[in-house]
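The values are calculated or read from the model by the stated rules, or taken from the named source; none is laboratory data. Please read all numbers here as calculations on a predicted model, not as lab measurements. So basically every Cβ, Gly included, is an ideal-geometry build from the backbone, and we count neighbours across all protein chains shown. Keep in mind that these areas ignore ligands, DNA and RNA; they rest on the heavy atoms of the full protein, side chains included. Shrake-Rupley method; radii C 1.70, N 1.55, O 1.52, S 1.80 Å.
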Amino acid sequence: MNLVNLIRLAWRALHRNKLRAFLTMLGIIIGVASVITMMSIGEGSKQSIQTSISSMGSNMITIMPSSNTPGVQMAGSNIHSLTLADVKALKKDANYITTISPLASSNGQVIKGALNWSTTIQGASPEYLEIRKLSLKDGIVFSENDVRSSAKVCLLGQTVVDNLFAKGEDPIGKIIRFKKIPLQVIGILVSKGQSNFGQDQDDIIIAPYTTVMKRILATTYIQDIYASATSEAETDKATDEIKTILRETHKIRADQDDDFTIRTMAELIKMLSSTTGMMTTLLTAVAGISLVIGGIGIMNIMYVSVTERTREIGLRMSIGARGVDILMQFLIEAILISITGGVIGVVLGVSSSLIVASVLNWPTVISESSIILSFIVCAFTGVFFGYYPAQKASLLDPIEALRYE
Amino acid sequence: MDTKILDIYDLKREFKMGTETVRALKGITFDVSTGEFLTIMGSSGSGKTTMLNILGCLDKPTDGIYKLDGVDITTLSKDELARFRNTKIGFVFQAYNLLPRTSALENVELPLLYNNTIGAKERRERALHALESVKLADRMDHTPNQLSGGQQQRVAIARALVNEPVMILADEATGNLDTRTSYEIMSLMQELNQKDGKTIVFVTHEPDIAAFSSRTITLRDGRLQRDTINSNPRSAREALATFPETDDY
Ligand SMILES: Nc1ncnc2c1ncn2[C@@H]1O[C@H](COP(=O)(O)OP(=O)(O)OP(=O)(O)O)[C@@H](O)[C@H]1O
Ligand SMILES: [Mg+2]
């Protein structure tokens, strides 16, 4: 029998038992739909994480102080191992770093007239904005001169502006007070919204690091050093270089641990992508299980179908059907069930990812590869689980099959 | 044209049932010429169905020679046997064996679907023609459950005819039918035999059915008991005329 007739035959057999065919497909439908939905959510969040990381500067390096005294663990802010001398040394000797900025920050209350707000002030150099990929929507950045003179100027994040200034009021040129120190607002940062970790990235004040260190903190230590590697790919080289330079300036012996920690965005990206990788593996496992269950459902119903139609098989054989004709008849029926289930599953999966995107506002990305993969897996499931029942049918003895009650 | 269509020599068929062996056919020899209308008779269990299954290439003999249309069947593979069934043989069963919920026309088309040399158009034409020859062309869209037993058997005969076989095999094809309808079927068989020259092998229990054929073989306990030529077969059409008219036919 030719393929067209075989497909027509299989289609009609399914048509006759619509409900049964649908129930058989259900496993496949649910499996495929959930895989496509979850993959689109996974892919969507992966892409949104990636864009937000690159908006934070994918070549960013953070150096933090840490304890190298065995047995004594202290919170990072209590360790004073980083100084401006380190920044100077790195600026002079490091080749894989383009820009660098110290960071001294302090939490406290900021007051403007009758309004006040609890926030963080970050003392940094003008390059800090470039490293963090921050930009101004209004005003100007403080200058090297301001740094040298510990000028009482600052830049405000949008959240701080919203909490200290009335709507329509222009903050530029106004004086605010942070821990009683008056600071003149000279610029406003472009809003970056929430970070992936739920932090409000607009709830900051940025001032020259000298201002924060001398006037607010009264310290000679800094908390962090921010730097940009020449590129994301060269982050590792930059890290090694920083390590060598800092160990030298800190006079750390070869058998001693570092008294600082280096964190890179590249590291974070690696970590996040391994998380997404794990999620993909997990999803694949779920998909595999649901398709196996769906496949077993198909196998089961095909066995029932073969038994039910034993006489029909006997008749077909007696009028000239070969074993392979019978095999193909049932195999194609099984494949048709699984592929129809797959199509319905894809439609359902795509529409539910669209619903997730529009109702829950989650970023979803429907990848063609997930759809194509689902189809291939469905067809394979049909062949794999349909083969044994079909083979059983094809091996029936025509005389016995005709006599079957 | 006295060509032998069936040539059977010392045919044996044994069934192994665990340790026991059932000898259904114990060495049968006969031959059939083209255009004969043969009936096979015999009591229950005498081996008629076993014989017919072998003649129809559904089963192979344990021993002996069976030549159909000059070809030694025992040497053929399973697929070759299927091909033989498809092109040389038309089966008619006691239980009709039509596909349920499938129209008469499609039931008749079925054997041609397994013959890839025949296209859709020719298939339909030949099926219609076969239905016409059993006088059911007007019922081609009816499904089996919309047809009487006699009509279903006529659809089954059309299905047996559609591939233009060299012979028609019938196993108690009138076994489920009343006398009048049986006579109608026999009339059809006689017509196919006399007009179209089809060779027919017809298994039956009933002597009055056998009377319509030109030759009767009687089996007994797996052996050929009698082989009689009926030089003056009864006409089923005339026999039908003795029945009161009904409007079923
Ligand atoms: N598949 C089989 N396995 C075992 N024994 C079988 C098988 N088929 C037939 N037989 C035996 O072979 C013998 C002949 O059976 P067969 O069906 O040919 O008889 P029959 O003449 O057609 O009888 P009936 O008129 O009742 O249909 C019987 O004894 C039967 O039990
Ligand atoms: Mg029998």
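Residue pairs, Cβ under 6 Å, 6 or more apart or interchain, first in the stretch A:11-24 and more than 19 Å from A:Gly345 (Cβ to Cβ), second part of a helix (DSSP H, G or I). List them.
Sorted first by the residue in the stretch A:11-24, then by its partner, the pairs are A:Ala13/A:Glu333.
Test A:Val343 against the stated conditions and say whether it is open to solvent by 50 Å² or more (accessible area, probe 1.4 Å) and within 14 Å of chain B (Cβ to nearest Cβ).
no
Count, please, the residues in the stretch B:194-211 that happen to be away from ligand 1 (no atom under 16 Å from the Cβ) and either aliphatic (A, V, I, L, M) or open to solvent by less than 20 Å² (accessible area, probe 1.4 Å) (or both).
Residues in the stretch B:194-211 being away from ligand 1 (no atom under 16 Å from the Cβ) and either aliphatic (A, V, I, L, M) or open to solvent by less than 20 Å² (accessible area, probe 1.4 Å) (or both): 3 in total.
Among the helices (runs of 4 or more DSSP H) lying completely within the stretch A:252-355, list those that include at least 2 residues that are basic (Lys, Arg) and within 20 Å of A:Ile372 (Cα to Cα).
Of the helices (runs of 4 or more DSSP H) lying wholly inside the stretch A:252-355, none has at least 2 residues that are basic (Lys, Arg) and within 20 Å of A:Ile372 (Cα to Cα).
Mind listing whichever residues of the stretch B:98-148 are modelled with pLDDT of 95 or more and either within 16 Å of ligand 1 (Cβ to nearest atom) or of a type in the set (Val, Ile, Thr) (or both)?
Matches in the stretch B:98-148: B:Val108, B:Thr143.
Can B:Glu184 be described as more than 16 Å from ligand 1 (Cβ to nearest atom) and open to solvent by 10 Å² or more (accessible area, probe 1.4 Å)?
So B:Glu184 fails the test.
Among residues belonging to the stretch B:58-71 that are assigned to a strand (DSSP E or B) and within 16 Å of ligand 1 (Cβ to nearest atom), point out the one that is farthest from B:Gly27 (Cα to Cα).
Taking the candidates together, the pick is B:Tyr66.
Is it the case that the stretch B:2-20 has a residue that's in a strand (DSSP E or B), within 16 Å of ligand 2 (Cβ to nearest atom) and within 25 Å of A:Ile326 (Cβ to Cβ)?
Scanning the stretch B:2-20 turns up at least one residue that is in a strand (DSSP E or B), within 16 Å of ligand 2 (Cβ to nearest atom) and within 25 Å of A:Ile326 (Cβ to Cβ).
Going by what's in this entry, would B:Pro100 be described as touching a strand residue (DSSP E or B) at 6+ places or on another chain (Cβ under 9 Å) and within 14 Å of chain A (Cβ to nearest Cβ)?
No: the conditions fail for B:Pro100.
Only one of these is more than 16 Å from ligand 2 (Cβ to nearest atom), part of a loop (DSSP other than H, G, I, E, B) and surrounded by fewer than 24 Cβ atoms within 10 Å (Cβ to Cβ): B:Glu80, B:Glu164, B:Glu106, B:Glu122. Name it.
It is B:Glu164.
Going by the structure shown, is B:Arg159 facing chain A (nearest Cβ under 10 Å) and open to solvent by less than 20 Å² (accessible area, probe 1.4 Å)?
yes
Which one of these is at negative phi, crowded, with 17+ Cβ neighbours inside 10 Å, in contact with a Pro (Cβ under 6 Å, 6 or more places away or on another chain) and touching a residue at least 40 places away in the same chain (Cβ under 8 Å): B:Leu68, B:Leu99, B:Leu11?
B:Leu11
Residues A:Thr249, A:Thr220, A:Thr239: which one is assigned by TED's automatic domain parsing to the domain that holds A:Lys91, exposed (fewer than 14 other Cβ atoms within 10 Å of the Cβ) and not small (Gly, Ala, Ser)?
Checking each option against the conditions leaves just A:Thr220.
Among (1) under 18 Å from A:Ala321 (Cα atoms); (2) surrounded by fewer than 19 Cβ atoms within 10 Å (Cβ to Cβ); (3) aliphatic (A, V, I, L, M), where does B:Ile54 come up short?
Every listed condition holds for B:Ile54 apart from (2).
Filter the stretch B:17-57 down to the residues that are within 13 Å of ligand 1 (Cβ to nearest atom), within 14 Å of chain A (Cβ to nearest Cβ) and not aliphatic (A, V, I, L, M) and list them by number.
Matches in the stretch B:17-57: B:Gly47, B:Lys48, B:Thr49, B:Thr50, B:Asn53, B:Gly56.
Restricting to the stretch A:1-60, name every residue that is more than 17 Å from A:Val304 (Cβ to Cβ) and not in a helix (DSSP H, G or I).
A:Met1, A:Asn2, A:Gly57, A:Ser58, A:Asn59, A:Met60
Is it the case that some residue within the stretch B:139-151 is more than 24 Å from A:Leu3 (Cα to Cα) and within 11 Å of another protein chain (Cβ to nearest Cβ)?
So far as the stretch B:139-151 goes, no, none of its residues is more than 24 Å from A:Leu3 (Cα to Cα) and within 11 Å of another protein chain (Cβ to nearest Cβ).
Tell me which residues, restricted to the stretch B:34-51, are open to solvent by less than 20 Å² (accessible area, probe 1.4 Å) and more than 13 Å from ligand 2 (Cβ to nearest atom).
Selection gives B:Phe37, B:Leu38, B:Thr39.
Would you tally the residues in the stretch A:309-334 being open to solvent by 20 Å² or more (accessible area, probe 1.4 Å) and within 15 Å of A:Asn17 (Cβ to Cβ)?
Here the count works out to 2.
For A:Gly386, which of the numbered conditions (1) within 14 Å of chain B (Cβ to nearest Cβ); (2) touching a residue at least 24 places away in the same chain (Cβ under 8 Å) fails to hold?
(1)
Any residue in the stretch A:324-345 that is small (Gly, Ala, Ser) sitting within a Cβ distance under 6 Å of a residue that is open to solvent by 30 Å² or more (accessible area, probe 1.4 Å)? List the pairs, counting only those 6 or more apart or interchain.
A:Gly342/A:Phe375
Could you tell me whether A:Thr159 is farther than 27 Å from A:Thr83 by Cα, surrounded by 15 or more Cβ atoms within 10 Å (Cβ to Cβ) and among the hydroxyl-bearing types (Ser, Thr, Tyr)?
In short, yes.
Quick test for you: out of B:Thr74, B:Thr87, pick the one residue that is open to solvent by 20 Å² or more (accessible area, probe 1.4 Å), facing chain A (nearest Cβ under 8 Å) and part of a helix (DSSP H, G or I).
Of B:Thr74, B:Thr87, the one residue that is open to solvent by 20 Å² or more (accessible area, probe 1.4 Å), facing chain A (nearest Cβ under 8 Å) and part of a helix (DSSP H, G or I) is B:Thr87.
Quick check: is even one residue across the stretch A:111-121 part of a loop (DSSP other than H, G, I, E, B) and of a type in the set (Lys, Arg)?
Within the stretch A:111-121 (the criterion being part of a loop (DSSP other than H, G, I, E, B) and of a type in the set (Lys, Arg)), the answer is no, since none of the residues qualifies.
Please go through the stretch A:159-187 and pick out each residue that is of a type in the set (D, E, K, R) and more than 17 Å from A:Asp138 (Cα to Cα).
Scanning the stretch A:159-187 gives A:Arg177, A:Lys179, A:Lys180.
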